[in-house]
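> So that we are looking at the same thing, I have put the structure below in structure tokens.
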Amino acid sequence: MNKGYSFGSLRRGLKALCLAGLMLASANASAAWPDKPITMVVSYGAGGSVDYIARLLAPRLSERLGQEIVVKNVGGAAGSIGAMQVAKSAPDGYTLMLGSGSEVAIAWAVNPDLKYNGLKDLAAIALVGTSPMVIVGNKGVAAGNLDALLDYARTNPGALSLATSGVGTPQHLLLEYINRRAKTDILHVPYRSAGSILSDVMGGRVDLSILTLTTALTQLESGKLQSYALTGKQRMDVLSGTPVLEENAALKGADFSLWFGLLAPGGTSKDIVERLNREVNAILEEPAIQKSLKEQGLDAGGGTSAEFAEFIKKDSEKYQQIIKSANIVVRS
């Protein structure tokens, strides 16, 4: 036997050969992708904003990829059931998620029982759109603008109530942020379902809520509700007289817009992520898509996958600070 050749070097050679084979197989799989239908999970029921965006995006993405995209609604637990299903799926590009901040940036941070981490177990692909929420009140609230509302809440602790769709939701965390920064004491009223919040606010059973623009706009235009603030960074033409939160001195820097984006299981290959990112960005440039998003109160997103990942990280860090300072914990 050749003394210059050892079993150790043989093992190293075989290991290198196997690794090269795996890399080649991975590259070939990415090159062939997609060669079968893709599932796009929506972590909520049909008819909501996330579902609308998924069904707007899926047909155009299907055309550009040359494969069918099936939208699958997996609702429950504020979106975390669907998110967990995607996080645990094979990272092969055939399971995607049209997600939002609630299940990607917040749910796992507020609920230690959830077995996924939105920053580690989901791969950011593309930001699809953002939308501010609006703080509204019924006509019986004795304050005509944001400054007056906060002044009233300071001098009358516990007198005002605000309804949200549950503990640990973006709306609840925004209320906690306002209470701490503006030194107010507005009572949180968590609802098990968002369906009755609007009617309860208009009926005076609860004073305030934080709603999506599409939910609130008709009632604001009819005068059945009054608006106090938008939660984004800029005023909007559709509610030109409504300030943004940070126009109040106590709330400088506040930005609590909702966001929606395309994600995949963590570990999905960079080639697939970047292909999807390019296609989504191209779709978001289409005037018809921009018009449809605008009609839902959404600004089209875009940008690189790395920028989206950083956006999610910062959004989650913002909410985690509130969760820790308010000691908010949700148990499954």
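> Return yes when K252 is surrounded by fewer than 19 Cβ atoms within 10 Å (Cβ to Cβ), in contact with a strand residue (DSSP E or B) (Cβ under 9 Å, 6 or more places away or on another chain) and under 30 Å from A163 (Cα atoms) and no when it is not.
No.
> To continue, here is another question. When you go through (1) polar (S, T, N, Q); (2) in contact with a helix residue (DSSP H, G or I) (Cβ under 6 Å, 6 or more places away or on another chain); (3) surrounded by fewer than 14 Cβ atoms within 10 Å (Cβ to Cβ) one by one for S332, which number turns out not to apply?
(2)
> Does segment 70-113 hold any residues that are surrounded by fewer than 24 Cβ atoms within 10 Å (Cβ to Cβ), among the acidic types (D, E) and at pLDDT 95 or above, and which are they?
D92
> Another question, then. Tell me, yes or no, whether segment 34-44 has at least one residue that is at pLDDT below 95, of a type outside the set (S, T, N, Q) and either in a strand (DSSP E or B) or not assigned by TED's automatic domain parsing to the domain that holds A216 (or both).
Within segment 34-44, one or more residues are at pLDDT below 95, of a type outside the set (S, T, N, Q) and either in a strand (DSSP E or B) or not assigned by TED's automatic domain parsing to the domain that holds A216 (or both).
> Could I ask something else about it? Tell me whether segment 215-228 contains one or more residues that are closer than 26 Å to A77 by Cα and either assigned by TED's automatic domain parsing to the domain that holds A58 or of a type in the set (A, V, I, L, M, F, W, C) (or both).
Looking through segment 215-228, at least one residue is closer than 26 Å to A77 by Cα and either assigned by TED's automatic domain parsing to the domain that holds A58 or of a type in the set (A, V, I, L, M, F, W, C) (or both).
> What are the residues in segment 105-124 that are touching a residue at least 60 places away in the same chain (Cβ under 8 Å) and touching a Phe, Trp or Tyr at 6+ places or on another chain (Cβ under 7 Å), if any?
Matches in segment 105-124: A105, I106, A109, L114, G118, A124.
> Residues to consider are L298, L293, L263; find the one that is of a type outside the set (V, I, T), within 23 Å of P34 (Cα to Cα) and outside the structural domain of D147 (by TED's automatic domain parsing).
After ruling out the rest, the residue left standing is L263.
> Can you tell me which residue in segment 273-327 is surrounded by the most Cβ atoms within 10 Å (Cβ to Cβ), limited to those that are small (G, A, S) and not in a helix (DSSP H, G or I)?
Out of the qualifying residues, it is G297.
> Within segment 219-235, can you find the residues that are in a loop (DSSP other than H, G, I, E, B) and surrounded by fewer than 20 Cβ atoms within 10 Å (Cβ to Cβ)?
S222, G223, K224, K233, Q234, R235
> Among the listed residues L198, L127, which satisfies the condition of being surrounded by 21 or more Cβ atoms within 10 Å (Cβ to Cβ), of a type outside the set (G, A, S) and either outside the structural domain of R275 (by TED's automatic domain parsing) or in contact with an Asp or Glu (Cβ under 9 Å, 6 or more places away or on another chain) (or both)?
L127
> A further question follows. Evaluate the following for L162: is it buried (at least 24 other Cβ atoms within 10 Å of the Cβ), more than 30 Å from A46 (Cβ to Cβ) and modelled with pLDDT of 95 or more?
So L162 fails the test.
Yes/no per residue for (1) farther than 28 Å from T215 by Cβ; (2) among the small types (G, A, S):
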residue	(1), (2)
S62	yes, yes
L65	yes, no
G75	no, yes
G99	no, yes
A107	no, yes
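> Also, I was wondering about something else. With the condition kept exactly as written, say whether any residue in segment 127-146 is in a helix (DSSP H, G or I), in contact (Cβ under 8 Å) with a residue 40 or more places away in the chain and not acidic (D, E).
Yes, there is a match, as at least one residue in segment 127-146 is in a helix (DSSP H, G or I), in contact (Cβ under 8 Å) with a residue 40 or more places away in the chain and not acidic (D, E).
The values are calculated or read from the model by the stated rules, or taken from the named source; none is laboratory data. All values derive from a computational prediction rather than experimental measurement. With ideal geometry, Cβ positions are generated from the backbone for all residues, glycine too; neighbour counts draw on all protein chains shown.
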